[in-house]
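> Submitted below is the structure of interest, expressed as structure tokens.
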Amino acid sequence: MGLYFERFVDGLTALPDAGSIWNRTAEFAYDLGFSSCSLTIARKSGSGLQSTFFMSDLPDEFSKAYRNDGLVGVDPFLQFSCNSLSAKKVATDDLACFKGASAKHQAFLDQAADSGAVAGVGIPVRTTGSEHFGGWLFSSGEKRDVFDLLDKDHGREAHLAGVLAYERMVSIGFGKLGQRLLSGRERECLLWLCAGLRVSMIAEKLSISESAVNLYISNAKHKLGAKTREQAVARAIFSGEINI
């Protein structure tokens, strides 16, 4: 492992919440050469799966379908890769990567491919024997032969980074049912933004300064990995942080 990996690990201890850890892990994955990063945690519910946490830089349309439209229920990574903690190399054009998968799982992989994920490294952090299970997926949009070289050079670093990042999340309380990334004030500000209020109007509503409102919105953007206020609102809705 190189110096950059050591700095990544050391830096995790200073991060205060799951959103910050996800952002730092995604940045590390990008620097290794991966193009996208997702962390998905689910639990069994009746005859299917229910998402308890999903954070991804894949397009919002995919994230919405995953969290709210039942796409999590046909995620082959959750169903076939999380029976052990071994990292798995997967490809959206190779259903054989998931032993036991069917055509409905290929449809999921097709949607992932349309969102830019061609191949990836699946990194389980909790197995299906746990109440909550799932893990990271570091993906690439490159052709399979290019990705194979990336995995050969950096697959082990990616695996260890995902495991250590998740354990850091757990150490600060992440994983408890119902836990949220955003504070109450951050959620309030995003809700009022969603309702069409300007910063000055939100400040008046909440009896706080405009600079405080801007700070809460900025913090929410950072935790959600959003570049704009509009994207922060969308991700907060899709992840269940706010309800409208």
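Bear in mind these aren't lab numbers, they're just calculated from the coordinates by the rules spelled out. The structure presented is a predicted model; accordingly, all values stated were derived computationally and were not measured. Heads up, the Cβs are rebuilt from the backbone with ideal geometry, glycines too, and the neighbour counts pull from every protein chain shown.
> Rounded to whole Å, give me the distance from the Cα center of region 13-46 to that of region 159-225.
A separation of 16 Å, based on Cα centres.
> Using 1/(1 + (r/R0)^6) with R0 = 30 angstrom and r between the beta carbons of SER130 and ARG156, what's the FRET efficiency to the nearest 0.05?
Working: r = 24 Å, r/R0 = 0.79.
Calculated value: 0.80.
> Relative contact order, percent, of region 3-171 when contacts are C-alpha pairs under 8 Å separated by at least 6 residues? Mind dumping the intermediate values first?
Numbers: 274 pairs, mean separation 43.3, N = 169.
Answer for region 3-171 is 26 percent.
> Still on this structure, please answer the following. Rounded if a/c is under 1.5, else prolate if a/b beats b/c, else oblate: with a ≥ b ≥ c from the C-alpha gyration tensor eigenvalues square-rooted, which is region 3-171?
Values: a/c = 1.62, a/b = 1.21, b/c = 1.34.
Note, shape of region 3-171 comes out oblate.
> Net charge within 15 Å of LEU109 by Cβ-Cβ distance, Lys/Arg positive one each and Asp/Glu negative one each, not counting LEU109 itself? Please list the in-between numbers first.
Numbers: positive: LYS88, LYS89, LYS99, LYS104, ARG144; negative: ASP75, ASP93, ASP94, ASP110, ASP114.
For residues surrounding LEU109, the net value is 0.
> Taking the Cα centre of the chain as origin and charging only Cβ (+1 Lys, Arg; -1 Asp, Glu), how large is the dipole, in debye to the nearest 20?
It works out to roughly 640 debye.
> Right, another one. Treating only the Cβ atoms of Lys and Arg (+1) and Asp and Glu (-1) as charged, compute the dipole magnitude of region 1-138 about its Cα centre; round to the nearest 20 debye.
Details: 11 positive and 15 negative charges, 108 e Å.
My answer is approximately 520 debye.
> Toward the positive end of the charge dipole of the chain, about the Cα centre and with charges on Cβ (Lys, Arg +1; Asp, Glu -1), which of ALA87, TYR4, GLY48 goes farthest?
GLY48
> Rounded to the nearest 500, what is the 222 nm mean residue ellipticity of the chain from helices alone, with -39500 (n - 2.57) per DSSP H run of 4+ residues and division by all residues? If you can, show how the numbers build up before the last one.
Details: 9 runs with 118 residues, N = 244.
Result for the chain, helices only: -15500 deg cm²/dmol.
> Only sites in a loop by DSSP and with at most 16 other Cβ atoms within 10 Å count here; which trypsin sites (Lys or Arg not before Pro) in region 190-233 make the cut? Provide the component values of the computation, followed by the final result.
Values: sites: ARG198, LYS205, LYS221, LYS223, LYS227, ARG229; in loops: ARG198, LYS227.
Answer by residue number: ARG198, LYS227.
> Stretched out fully, how many nm does the piece from ARG144 to SER200 gain, at 0.36 nm a residue minus the Cα gap? Don't skip to the answer; put the middle values down first.
Details: separation 56, 0.36 × 56 = 20.16 nm, distance 5.06 nm.
Stretched fully, the ARG144-SER200 segment lengthens by 15.1 nm.
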